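Peer 1: My questions all concern the structure below.
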Amino acid sequence: MKLKPIALILNIALTLGVGALGGWATAKSVQTWYPTLNKPSFNPPNWLFAPVWTSLYIIIGVAAYLVWITRDKIEHFPRTVAIYIIQLILNLAWSFIFFYLHEIGFALFEIIFLLIMIIVNATIFYKIDKVAGLLFIPYIIWVSFASFLTYNIYILN
């Protein structure tokens, strides 16, 4: 497999762009609204979220790149892209729902749907390129944790 640097950069840039938009939706509330919430004892410190998400977005972009470079061999490539884009949109939507709209209950419902779509996406990627599918494992683990955290914040507030 020959490296296609522009395609790799574009795939990573797309996911980092989603992260940047989510960061924009989150920024004000992290300083104002979020500190007022009751949180469980296992709530990570605020400084941890940015490096974790940045790393995950890069990994997700690499996974997408691995699938993209084999697109000519994928029978249902438009469907694969659609599922990928849907989970990215759901990822972004969670930040807006939770941090911008302050709708914790709706955010809980949405993140569960997001987690399901990430698992579907990972499964499809795995069938196309095993490494691409496996690269989604940290994303699945983190969003599973974020789902549990959202649930606990919902219950405590």
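Peer 1: Condition check: crowded, with 20+ Cβ neighbours inside 10 Å and of a type in the set (Gly, Ala, Ser). Does residue 82 satisfy that?
Peer 2: no
Peer 1: Out of 129, 72, which single residue is touching a residue at least 24 places away in the same chain (Cβ under 8 Å), at negative phi and of a type in the set (Asp, Glu)?
Peer 2: Being touching a residue at least 24 places away in the same chain (Cβ under 8 Å), at negative phi and of a type in the set (Asp, Glu) holds for just one of 129, 72, which is 129.
Peer 1: Which is out of contact with any strand residue (DSSP E or B) (no Cβ under 6 Å at 6 or more places or on another chain), modelled with pLDDT under 95 and assigned to a helix (DSSP H, G or I), of 53, 47?
Peer 2: Checking each option against the conditions leaves just 47.
Let's see how each residue does on (1) touching a Gly at 6+ places or on another chain (Cβ under 7 Å); (2) closer than 16 Å to residue 94 by Cβ:
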site	(1), (2)
2	no, no
8	no, no
15	yes, yes
20	no, yes
23	no, yes
36	no, no
49	no, yes
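Peer 1: Additional query: Surrounded by 13 or more Cβ atoms within 10 Å (Cβ to Cβ), in a helix (DSSP H, G or I) and among the small types (Gly, Ala, Ser), is that true of residue 63?
Peer 2: Answer is yes for this residue.
Peer 1: Suppose we filter segment 96-138 for residues that are surrounded by fewer than 22 Cβ atoms within 10 Å (Cβ to Cβ), farther than 18 Å from residue 81 by Cα and small (Gly, Ala, Ser); how many remain?
Peer 2: Within segment 96-138, residues that are surrounded by fewer than 22 Cβ atoms within 10 Å (Cβ to Cβ), farther than 18 Å from residue 81 by Cα and small (Gly, Ala, Ser) number 1.
Peer 1: When you go through (1) out of contact with any helix residue (DSSP H, G or I) (no Cβ under 9 Å at 6 or more places or on another chain); (2) at pLDDT 95 or above; (3) part of a helix (DSSP H, G or I) one by one for residue 41, which number turns out not to apply?
Peer 2: So the condition that residue 41 fails would be (3).
The values are calculated or read from the model by the stated rules, or taken from the named source; none is laboratory data. The structure presented is a predicted model; accordingly, all values stated were derived computationally and were not measured. Please note: Cβ atoms are built from the backbone with ideal geometry, for glycine as well, and neighbour counts cover all protein chains shown.
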